Each structure stands twice: as structure tokens, then as C-alpha cells.
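The values are calculated or read from the model by the stated rules, or taken from the named source; none is laboratory data. Because the structure is predicted, anything quoted here is derived from the model rather than measured. Glycine also receives a Cβ, built like all others from the backbone with ideal geometry; neighbour counts cover every protein chain displayed.
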There are 2 protein chains.
Amino acid sequence: MDNRIDNVFRALFTLEDLREIHRKALPTGLDGAEEEQYREILGRLKRIVADIEQGRETKEITKIAGTIDIRTREENYINIQPIQAAGRLTLEARKAVIAYGDGYSTCDACRKPFRLDKISKPGIAEFHADLARFVNMDQARVVPGARRGFQAVTGTLVEKGDSVIVSALAHYTEFLAVENAGGIVKEVPLNGKNIVTAEAVAQKIEDVRQETGKLPVLIMIDHFDYQFANEHEISGIGKVAHQYDIPLLYNGAYTVGVMPVDGKKIGADFVVGSGHKSMASVAPSGVLAMTDEWAPSALRTTAMVGDLTKRKFGIKEVEMLGCTLMGGTLLSMMASFPAVKARTLTWGNEVKRSNYFIDRLLNISGSKVLSEYPRRHTLTKVDTTGSFDTIAKTHKRRGFYFSDELSSRGIAGEFAGATRTWKLNTYGLNDRQIRYLADVFTEIAEKYEIPVQK
Amino acid sequence: MDNRIDNVFRALFTLEDLREIHRKALPTGLDGAEEEQYREILGRLKRIVADIEQGRETKEITKIAGTIDIRTREENYINIQPIQAAGRLTLEARKAVIAYGDGYSTCDACRKPFRLDKISKPGIAEFHADLARFVNMDQARVVPGARRGFQAVTGTLVEKGDSVIVSALAHYTEFLAVENAGGIVKEVPLNGKNIVTAEAVAQKIEDVRQETGKLPVLIMIDHFDYQFANEHEISGIGKVAHQYDIPLLYNGAYTVGVMPVDGKKIGADFVVGSGHKSMASVAPSGVLAMTDEWAPSALRTTAMVGDLTKRKFGIKEVEMLGCTLMGGTLLSMMASFPAVKARTLTWGNEVKRSNYFIDRLLNISGSKVLSEYPRRHTLTKVDTTGSFDTIAKTHKRRGFYFSDELSSRGIAGEFAGATRTWKLNTYGLNDRQIRYLADVFTEIAEKYEIPVQK
């Protein structure tokens with residue numbers, strides 16, 4: 001651990017102490033007592049900066065609100081946690097949450113017609129247009145997480161008892177969004193390689209028609225699923241959806257923000273992405289994009305009229321419940337967006353590094369990869385039953401020995417204690433980090449005399 | 001404007017630059033090039049700290065991601081914006097978003113049964129219990145804004161065509177939540193003093209029964225409304241709700257987090273609060289609390305079973321769509337919570353200061369207050385048609401002259417250009433700030449020769 005990291009946090013927090021004085025002061029300036037307090041804090045800050053410079057360890061334990069530990073996982077470790085990798089904030093997003101953390105901080109310049117996606121300062125309106133272009137759809141809205149995007153679509157399209165096609169690897173939030181709207185999920189089986197094929201989707205549609213006498217009202221498919229991060233036949237599924245004239249929701253929780261996504265080319269009616277999963281944003285955040293065809297229904301504005309006052313809130317969108325992300329969540333998305341756009345163009349390198357690591361892991365005798373291979377994604381499910389788990393069987397720390405070994409080498413994010421089947425994500429690691437990560441796995445194997453192929 | 005404020009932001013951002021180096025480095029430490037870059041940034045930091053110390057103005061324009069202005073409204077101004085006042089972050093919340101901004105940062109120690117409100121490190125489980133106690137209800141969940149709390153309740157209780165009682169001053173999000181569930185709002189008329197009385201609620205219930213042949217399925221009432229922030233007869237309404245056996249949703253968007261709220265004493269079945277409006281939290285955030293009676297329905301867990309895989313996600317709650325707030329939003333709520341709890345106990349002082357300001361405003365000839373008076377809240381609707389608007393009529397800047405005058409004296413948050421009826425919120429201002437604010441209004445009146453009563 002680098003001694004400087006804790007001190008960087010102390011310095012950040014001390015600057016917040018200074019900022020707090022400005023917040024409590026009069027616009028005319030600080031008074032004598034405040035100036036004195038300011039000098040005292042500034043002195044503390046200078047000592048911390050000197051500590052950083054000297055690499056001096058701090059004895060002070062920094063807690064937030066007296067009880068919450070600071071979180072240094074991203075600074076002190078290489079983090080391979082499966083869902084955290086592509087959600088960690090960019091530098092600019094971290095600056096944005098410092099400046100825009102306050103509750104309704106987006107609303108300084110909210111004017112008629114009083115809707116989030118119309119605000120031009122900061123450039124929220126433009127960001128909405130950019131987002132739609134980014135996934136090549138016509139319209140986009142920010143939502144509190146991908147799941148709230150699913151909910152808006154099922155709330156629009158699904159009536160009680162309707163069938164919705166999902167994958168046999170569908171995320172639980174798809175189940176919940178369908179259930180919430182009163183629908184029933186119908187799962188498409190996987191082929192022998194754990195892939196959802198277009199043919200299987202077509203077959204399932206026929207099965208549902210046969211069974212219920214009605215076509216499904218919606219198809220929700222993950223381009224890459226959360227279990228194996230296998231790539232499913234999304235474009236073929238898009239064609240099938242159109243043949244049956246059933247709307248397709250493209251679940252891009254693991255794609256939008258890390259690789260290029262072209263909704264129209266895929267034939268998607270809706271594209272959903274996750275801000276905190278793949279767009280380097282504060283949770284809960286996400287995007288719901290759609291073609292113009294669906295905007296009148298999925299983005300319908302309120303028709304409710306007060307029976308007594310005759311009030312109408314005409315421009316507010318029912319499924320959005322009005323404004324959705326009003327501060328730090330949205331501004332982190334916006335601040336990360338230039339970097340996020342850029343990084344999708346180098347997705348190939350991310351996949352290359354993912355395969356590099358997996359190949360090195362497979363060199364450790366007994367290790368397997370359960371995801372499709374070669375990898376097309378940075379999230380991978382591996383099976384180390386034949387390698388690292390053989391040690392866990394007799395180790396007094398059981399599977400935790402493996403976590404200990406990783407942790408002591410600065411690796412975090414594996415599922416603590418798991419040495420059989422588990423998931424990891426190498427997204428965002430640079431070349432040095434990925435080599436280091438692979439070396440650590442090799443080193444641990446060698447330490448426990450698990451054969452490693454060179 | 002204090003020159004130091006921009007430099008405090010520059011210093012914060014420069015520390016994030018340092019932090020970024022740690023994030024890109026190997027766990028074994030920085031290499032030569034990184035150390036050099038580190039030293040360079042540290043040098044820059046020291047120069048900025050010296051600038052702060054000397055009060056030197058910076059010529060550098062700090063932008064986030066190249067396009068987003070830093071926001072210094074809370075540092076450079078006294079902010080009286082009606083919805084921002086009680087949502088501005090506490091010092092501890094600002095530290096929390098620095099440490100927990102990353103997407104899924106709450107999930108480091110997520111273990112079986114894999115649900116947000118069960119995580120004990122950081123203390124999210126305990127926070128949920130605290131939240132329920134805080135509003136004296138049995139169970140609580142965090143939600144992405146009060147509106148998502150309304151939605152969970154209407155989604156549970158309201159079927160197509162059902163009537164829901166709301167106030168003639170109901171917030172638009174209540175309309176949308178009812179509409180989203182297929183219900184119809186039925187507004188309770190106000191009395192001559194713009195108050196929703198218990199008697200009027202009872203009468204409206206009878207009217208609905210007469211008109212539709214059915215009782216309303218839900219009563220949603222704002223303790224203080226968003227228009228006037230008048231206090232409505234919430235306890236009496238609680239009694240009426242129970243007489244008719246209709247569940248009561250207490251909308252505490254303007255109360256939970258600023259004044260003590262006792263849900264059971266009121267007779268509420270549900271208590272909803274807003275994190276970004278009244279609990280000093282990052283948006284979107286909020287709380288939905290309820291009595292044990294309603295947990296089996298409003299917090300029902302999923303019953304959906306995959307038709308093919310037979311998968312079940314048993315513990316996930318349908319209306320919550322699983323986990324709700326996964327990082328900076330939740331941690332800001334948690335970090336602010338001790339201060340938020342404490343501040344509700346001094347609500348009386350906030351109201352006193354609100355009345356002090358309003359009294360001073362009323363001393364300016366022609367000014368009126370449209371909210372109930374004396375004030376019982378810090379949010380107030382005022383009418384300055386007879387005072388400041390008389391100047392706007394002939395001023396070349398029209399109503400904007402007033403914004404200019406306020407802004408040049410360090411006051412922000414009035415509705416730009418509005419000089420007739422408008423809203424302001426004095427929440428969180430200390431004694432000095434409230435006096436200064438009142439002095440500014442007096443000073444502007446005197447400048448334009450509007451008579452002021454001494």
C-alpha cells in the first residue's frame with residue numbers, strides 16, 4: 001500500500017472543510033473568526049501536502065460521518081470485481097461530483113417548460129441528443145438505472161398476462177420489470193455453447209403463440225449476458241423481431257459505454273444502458289433510447305387532469321415520472337461521456353487484454369473458462385475447481401486462502417472464498433496491470449505447486 | 001466574490017489528478033514516469049495552496065470535461081432557491097461522494113442474500129433500520145426519489161380506474177404516479193386559507209363514493225405542499241383515512257429531513273421523503289417507509305419463475321426492482337444522516353428565521369405573503385407586485401433588474417426576472433445570513449425609493 005493514498009483523501013477532505021467555511025459565510029467575505037479557522041485548516045492542509053511529498057504514513061484514521069470507512073479499493077488494488085469495472089468514475093466524473101453533488105444542482109437554470117432534458121446550462125439537452133446518437137437511436141432519456149428503463153418499456157407495452165421473451169440468461173431485473181407490469185417471462189433456451197440464437201428466439205415465439213394463442217408483446221435480450229458475458233445473436237434476433245413485428249429491447253448493460261452499439265443496425269426498438277455498470281457514472285443511472293416510432297407511447301406525456309382544479313402537467317412524461325436524474329448522477333454521466341465515447345473505439349484492445357489474461361489462466365493446470373472462448377468481452381466466468389480449489393480442500397483458510405493471496409498482492413474483487421466457479425472483469429486495466437494480474441495468478445499457482453505451462 | 005473559492009476547486013481537482021495516478025498504477029507502486037508526473041502535480045497543488053493562502057486570483061478557467069462550468073452557487077452566494085435549500089450536501093456527504101462516487105462502490109461486501117438493505121459494510125442494513133425509526137415506521141427502503149416511492153405504492157394499491165385522493169395542491173409527481181398505475185386523481189378542495197382540512201378529505205371520499213360507487217383506494221397528502229408550503233391537517237386526515245380504512249401516504253418531501261416526523265402518530269401507512277430535496281443527498285434519492293401491515297404487499301418479493309430454467313430470484317422486491325441506490329446517492333444519504341437527524345430538532349429556529357425574513361419583507365411597502373402567515377415553514381410564496389414589480393414596469397431590464405440587484409449582493413436562487421409572485425426558501429441560513437438577506441431586500445427597496453417601514 002502506498003502511504004500517500006490515505007493522505008490524498010485527507011487532503012481532499014480538508015479542502016472540503018475549507019469549502020464549508022465559504023458556504024457558511026456571508027457573500028461579503030469571511031469574518032475574523034472564520035479567517036482564523038480558515039488559516040488553521042489551511043495549515044493542516046499544508047502539513048498533509050508535506051506528508052504526501054515525504055511519503056509519510058498517517059496515523060489518523062479517516063472516517064466519514066464518524067462511521068464510514070474511506071474506500072480505497074480503486075487506488076490500492078487492481079479491482080477485478082465483475083460489475084464494478086466499467087462503472088468506476090473517470091477523473092472528470094469525480095470532478096463533476098465534487099462540483100455537482102448538491103441535490104438539485106442541475107436545476108439552477110431550469111426554465112419553461114421545466115423538464116430536465118430541456119435544460120441547456122449545463123448542457124443537459126445537448127447531452128440527451130448526444131446519447132441518442134451514441135447508440136444510433138432517435139431519442140434518449142436518462143433513467144435511474146437500466147432497470148428503470150426496462151420498467152418504462154414494460155409499463156408501456158405489457159398488459160396483464162402478456163408474454164415477454166427473455167433469454168435463459170436474463171438478468172433478474174428483466175424478470176422484475178415484466179412481473180411489475182403483470183406480464184410473464186418466456187425464456188429462450190441456449191444452444192450447446194450457451195448462446196441465444198435467432199432461431200431459438202423464433203422457435204420460442206412460435207411456442208408462445210401455440211401455448212397462449214397470442215404473440216409475445218416484447219422481446220428483451222442482453223447482447224452480452226451477466227453470467228458468461230457470451231455474445232448472443234442480437235442482430236439475427238433483431239430480424240426475427242421484425243418478422244413477427246414484436247418490439248425488441250436491446251439490453252446493453254454490458255455494452256453501452258464500453259463498445260460501439262448501433263441500435264438501428266441491430267434493429268432494436270429500444271436500447272437500454274447502465275450508467276453505473278458501463279458508463280463510468282454514479283448510481284443509479286442509465287439510458288433508455290428508442291426510435292421515433294415508440295416515443296409517443298413510451299415517452300407519452302401526462303393526460304391526467306385534476307378533477308377539481310383542472311390542472312394539467314402537460315410536458316411531463318408518465319413513464320419517466322417527470323425529471324429523472326437531477327444532479328451528481330447525471331453530471332457524472334455527462335463528465336464521463338467524452339471519455340466513454342472514446343473508449344468504445346478501443347474495445348478491441350480491452351478484449352485482447354481479456355484474452356491475454358484468460359490464456360495465462362488456462363496455462364495454470366486444471367483451470368477452465370466457462371464463458372465462450374476466445375473471449376469477446378472483459379467479463380468472464382472461470383472454473384478453477386481443478387486448480388486453485390484443489391488447495392482450498394485442505395487449506396485451513398479454505399477458499400479464503402486464495403483471497404488472502406490475491407489481496408496481499410494488491411488484487412481485489414474476486415468473490416471472497418470462491419475457488420470453483422467465479423467471475424472477473426478485466427475492463428479498464430492497462431497493459432502493465434493485466435500482465436501484473438496474470439503474473440499474480442501464476443505466482444500463486446507456483447507457490448502451491450499447481451503446474452503452470454510456460 | 002472571494003478569490004479563494006475557485007482555487008479551492010482547483011486544488012480539489014488537482015488532488016483528483018494525483019488520485020488518478022494511483023488508480024492507473026500497479027499495486028507495487030508508481031514507476032519512474034509516474035513519480036515524475038506525481039511530483040509535477042504535487043508542485044502544482046502547492047502553488048494553488050499558496051494562491052489560496054495569498055488570496056491570489058486565478059486566471060485559469062476551470063471546466064469539467066472541457067465543457068462543464070464548476071458550480072459555486074453555494075460558496076459564492078446565499079442561495080434561496082425554493083427546492084435546493086435542504087438538499088445541499090453536508091460536509092460529510094461531500095466527503096462520501098468523493099470516496100464512494102464509483103458506480104457500484106456499495107457492493108464490495110455484498111454477500112448472500114444479495115440485497116442492498118442487507119449489506120453491513122458499509123452499514124447499509126443498519127441505516128435502513130435507522131431510517132424507519134427516524135420517521136417512526138416499521139420498515140424503510142431507499143428509493144431513487146420520492147416519486148419512485150409514490151410509484152411503488154400506487155403500483156401496489158391502484159388498479160385501473162381506481163380513485164386516489166390527492167390535494168388540490170398535489171405535486172405533479174403524485175399525478176404521474178397515479179396515472180402510471182392506471183388510477184384517477186381526485187382532488188380535495190382547499191379552505192379559504194389554502195389548507196386541506198380533514199373535513200374536506202372526508203367530504204371528498206364521500207363524493208367519490210357517490211360518483212363512482214367505490215371508495216378511493218389511497219389517500220396521498222403532502223404535509224406541507226410545494227406551492228405555499230402551508231401545513232395541512234395531516235393528523236386529522238390520518239384519522240379520516242382510518243375511519244374509512246383507506247391507506248394514507250404521507251408525502252414528506254418538504255418535511256422528512258428538516259423537521260421531526262412521526263408516521264405512526266400521524267396514522268400514516270406510508271411515509272415518503274426526498275433525499276435531494278430535504279435530506280442533504282445526491283439525486284435521485286429518497287425514502288419509502290411503511291408499517292409492517294403493508295410490507296407483504298408493497299415490499300412483496302418476486303414470484304416470477306422462469307418457464308424454462310425454473311429460475312427464481314426469491315428475495316428481490318418487485319416494486320423496488322431489486323437494489324435501488326448503489327453508491328454515491330446512498331452514501332451521501334448515510335453520511336448526511338447524523339446531521340439530518342440533529343437538524344430536525346432545531347426546526348423551530350429555522351421557522352423563526354423564516355418569519356424574521358418574511359416580517360422584514362412585509363415591512364417593504366406593497367409586499368405580501370401568499371403562504372399562511374406566520375410561517376410554519378422555510379419555503380414561502382411571496383407577492384411583490386406592489387413593491388419590487390412597480391419598478392420592473394418601467395426599468396429597461398424589466399424584472400431582471402431585481403435579479404441583478406440581488407446577484408450583485410451575493411443572493412442567488414430567486415426565479416430570474418420574476419417580481420410578482422415567486423417562491424424562496426431560507427432553510428439552512430444562519431442568523432447572520434438571514435439578517436444579511438433581509439438587509440439586502442431593504443437596501444434594494446430603499447435604492448428604488450419603495451417605502452420601508454422601520
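Numerical summary
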item: Checklist (1) within 17 Å of the chain's Cα centre (by Cα); (2) under 30 Å from A:GLY413 (Cα atoms) applied to A:ASN76, failing item; result: (1)
item: Hits in the range A:303-330 - residues which are more than 7 Å from chain B (Cβ to nearest Cβ), among the hydrophobic types (A, V, I, L, M, F, W, C) and under 32 Å from the mean Cα position of the chain (by Cα); result: A:ILE315, A:MET320, A:CYS323, A:LEU330
item: Among (1) under 22 Å from the mean Cα position of the chain (by Cα); (2) not in a loop (DSSP other than H, G, I, E, B) - the single one A:MET137 does not satisfy; result: (2)
item: Residue tally, condition free of Cβ contacts under 8 Å to residues at least 40 places away in the same chain and of a type in the set (S, T, N, Q), over the range B:116-150; result: 1
item: Extreme residue, nearest to A:GLN243 (Cα to Cα), among residues of the range A:180-204 that are in contact with a Lys or Arg (Cβ under 7 Å, 6 or more places away or on another chain) and in a helix (DSSP H, G or I); result: A:ALA198
item: Residue that is surrounded by the fewest Cβ atoms within 10 Å (Cβ to Cβ), among those in the range A:398-423 that are within 11 Å of chain B (Cβ to nearest Cβ) and in contact with a strand residue (DSSP E or B) (Cβ under 7 Å, 6 or more places away or on another chain); result: A:PHE415
item: Qualifying residue in the range B:168-175 (condition: within 16 Å of the chain's Cα centre (by Cα), of a type in the set (Val, Ile, Thr) and under 24 Å from B:GLU233 (Cβ atoms)); result: yes
item: Test result for A:GLN54, more than 21 Å from B:SER336 (Cβ to Cβ) and buried (at least 16 other Cβ atoms within 10 Å of the Cβ); result: no
item: Positions within the range B:273-298 being away from chain A (no Cβ under 14 Å), touching a residue at least 12 places away in the same chain (Cβ under 8 Å) and farther than 17 Å from B:PHE337 by Cβ, in sequence order; result: B:MET290, B:THR291, B:ASP292, B:GLU293, B:TRP294, B:ALA295
item: Check on A:GLN243, within 14 Å of chain B (Cβ to nearest Cβ), of a type outside the set (Lys, Arg) and in a helix (DSSP H, G or I); result: no
item: The listed residue being surrounded by fewer than 24 Cβ atoms within 10 Å (Cβ to Cβ) and more than 24 Å from the chain's Cα centre (by Cα), out of B:ALA241, B:ALA202; result: B:ALA202
item: Qualifying residues in the range A:386-417 (those that are touching a Gly at 6+ places or on another chain (Cβ under 6 Å) and part of a loop (DSSP other than H, G, I, E, B)) - the one nearest to B:LYS24 (Cα to Cα); result: A:GLY417
item: From B:PHE270, B:PHE313, residue being within 26 Å of B:THR346 (Cα to Cα) and among the aromatic types (Phe, Trp, Tyr); result: B:PHE270
item: Those residues of the range B:149-162 which are buried (at least 24 other Cβ atoms within 10 Å of the Cβ), more than 21 Å from B:ALA283 (Cα to Cα) and at the interface with chain A (Cβ under 10 Å from one of its Cβ atoms), in sequence order; result: none
item: The range B:138-148 - residue that is of a type in the set (D, E, K, R) and in contact with an Asp or Glu (Cβ under 7 Å, 6 or more places away or on another chain) and, of those, surrounded by the fewest Cβ atoms within 10 Å (Cβ to Cβ); result: B:ASP138
item: Condition check for A:GLY314: among the small types (Gly, Ala, Ser), free of Cβ contacts under 8 Å to residues at least 12 places away in the same chain and surrounded by fewer than 19 Cβ atoms within 10 Å (Cβ to Cβ); result: no
item: So A:SER371, is it over 21 Å from A:PRO451 (Cβ atoms), in contact (Cβ under 8 Å) with a residue 24 or more places away in the chain, within 14 Å of chain B (Cβ to nearest Cβ) and surrounded by 17 or more Cβ atoms within 10 Å (Cβ to Cβ); result: no
item: Unmet criterion (only one of (1) under 20 Å from A:SER274 (Cβ atoms); (2) surrounded by 15 or more Cβ atoms within 10 Å (Cβ to Cβ)) for A:ARG133; result: (2)
item: Some residue of the range A:135-145 being among the small types (Gly, Ala, Ser) and either closer than 22 Å to B:LYS316 by Cβ or in contact with a helix residue (DSSP H, G or I) (Cβ under 9 Å, 6 or more places away or on another chain) (or both); result: yes
item: Residue check for B:THR426: polar (S, T, N, Q), surrounded by 17 or more Cβ atoms within 10 Å (Cβ to Cβ) and more than 14 Å from chain A (Cβ to nearest Cβ); result: yes
item: Hits in the range A:440-454 (condition: in a helix (DSSP H, G or I) and either of a type in the set (S, T, N, Q) or within 10 Å of chain B (Cβ to nearest Cβ) (or both)); result: A:VAL440, A:THR442
item: In the range B:94-110, the residues that are without any contact (Cβ under 8 Å) to a residue 24 or more places away in the chain and polar (S, T, N, Q); result: none
item: Conditions (1) in contact with a Ser or Thr (Cβ under 6 Å, 6 or more places away or on another chain); (2) of a type outside the set (S, T, N, Q); (3) under 30 Å from B:ARG300 (Cβ atoms); (4) not in a loop (DSSP other than H, G, I, E, B): number failed by A:ASP207; result: (1)
item: Flag for A:LYS393 being of a type in the set (Lys, Arg) and either buried (at least 17 other Cβ atoms within 10 Å of the Cβ) or closer than 30 Å to B:LEU89 by Cβ (or both); result: no
item: Cβ-Cβ under 7 Å pairs, at least 6 apart or on other chains, the range B:76-93 side at pLDDT below 95, far side surrounded by 24 or more Cβ atoms within 10 Å (Cβ to Cβ); result: none
item: Residue within the range B:338-346 that is under 23 Å from B:CYS110 (Cα atoms) and either of a type in the set (Asp, Glu) or crowded, with 20+ Cβ neighbours inside 10 Å (or both) present; result: no
item: Residue in the range B:430-437 that is surrounded by fewer than 22 Cβ atoms within 10 Å (Cβ to Cβ), in a loop (DSSP other than H, G, I, E, B) and within 14 Å of another protein chain (Cβ to nearest Cβ) present; result: yes
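So that you can scan it fast, the table gives a plain yes or no per residue for (1) farther than 16 Å from B:LEU248 by Cα; (2) surrounded by 21 or more Cβ atoms within 10 Å (Cβ to Cβ); (3) in contact (Cβ under 8 Å) with a residue 40 or more places away in the chain; (4) more than 13 Å from every other protein chain (Cβ to nearest Cβ):
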residue	(1), (2), (3), (4)
B:PHE175	no, yes, no, no
B:ASN180	yes, yes, no, no
B:ASP207	yes, no, no, no
B:LYS214	yes, no, yes, yes
B:ILE221	no, yes, yes, yes
B:GLN227	yes, no, yes, no
